[in-house]
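**Student:** Dropping the structure in here first, questions after.
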Amino acid sequence: MRNLLAAAGTAALLLGVSACGSDHTSPTNPTNPPPAGAVVIDIVGINGAMSFSPDPSTVPPGQVVVWHNRDSTTHRIVLDDGRFDAGTVAPGAFTVAMTLNNPGPYHCTIHPEMVGRTIAP
């Protein structure tokens, strides 16, 4: 019986650990600046469509993009099509860099009224 309980506990632990990594988030980068030439989109507050600057942001296809949280609140930036989830972005932190091939909308999952858009030149 003890072996059965130990096996069940191990299975539950492994399931919990694998579930933790299944949300496709990327870690934020709080101290390192973005790569040279990256487009930086600032997270500037909870003000509806004015929560990102610039908005819309012009991003050529294949350009590297990062979001920089200049707000005093944690945010979570996600592309609407699901191709990128920055994970939580603490105040002052940058998201990891991503190459954006297709422009489109994005939002903060913590504050759904915060929406932004990238556009092609």
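**Student:** Among residues belonging to the stretch 62-88 that are modelled with pLDDT under 95 and of a type in the set (A, V, I, L, M, F, W, C), point out the one that is surrounded by the most Cβ atoms within 10 Å (Cβ to Cβ).
**Tutor:** Checked the stretch 62-88; the qualifying residue surrounded by the most Cβ atoms within 10 Å (Cβ to Cβ) is Ala86.
**Student:** Spot the failing condition for His111; the list is (1) surrounded by 16 or more Cβ atoms within 10 Å (Cβ to Cβ); (2) touching a strand residue (DSSP E or B) at 6+ places or on another chain (Cβ under 6 Å), and only one is missed.
**Tutor:** (2)
Residue by residue, here is whether (1) of a type in the set (A, V, I, L, M, F, W, C); (2) within 16 Å of Thr118 (Cβ to Cβ); (3) in contact (Cβ under 8 Å) with a residue 12 or more places away in the chain; (4) touching a Ser or Thr at 6+ places or on another chain (Cβ under 7 Å) holds:
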site	(1), (2), (3), (4)
Val39	yes, yes, yes, yes
Ser51	no, yes, yes, no
Pro60	no, yes, yes, no
Val66	yes, yes, yes, yes
Arg70	no, no, yes, no
Ala86	yes, yes, yes, yes
Ala93	yes, no, yes, yes
Asn102	no, yes, yes, no
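**Student:** Tally the residues that are assigned to a strand (DSSP E or B) and not β-branched (Val, Ile, Thr), restricting the search to the stretch 80-121.
**Tutor:** Qualifying residue count, the stretch 80-121: 12.
**Student:** Every residue in the stretch 104-120 that is in contact (Cβ under 8 Å) with a residue 40 or more places away in the chain and more than 24 Å from Pro33 (Cβ to Cβ), please.
**Tutor:** Listed by number, the residues that qualify are His111, Glu113, Val115, Arg117, Ile119, Ala120.
The values are calculated or read from the model by the stated rules, or taken from the named source; none is laboratory data. Predicted model, so just to flag it, every value in this text is computed and none were measured. Counting neighbours? That spans all protein chains shown, and the Cβs are built from the backbone with ideal geometry, glycine included.
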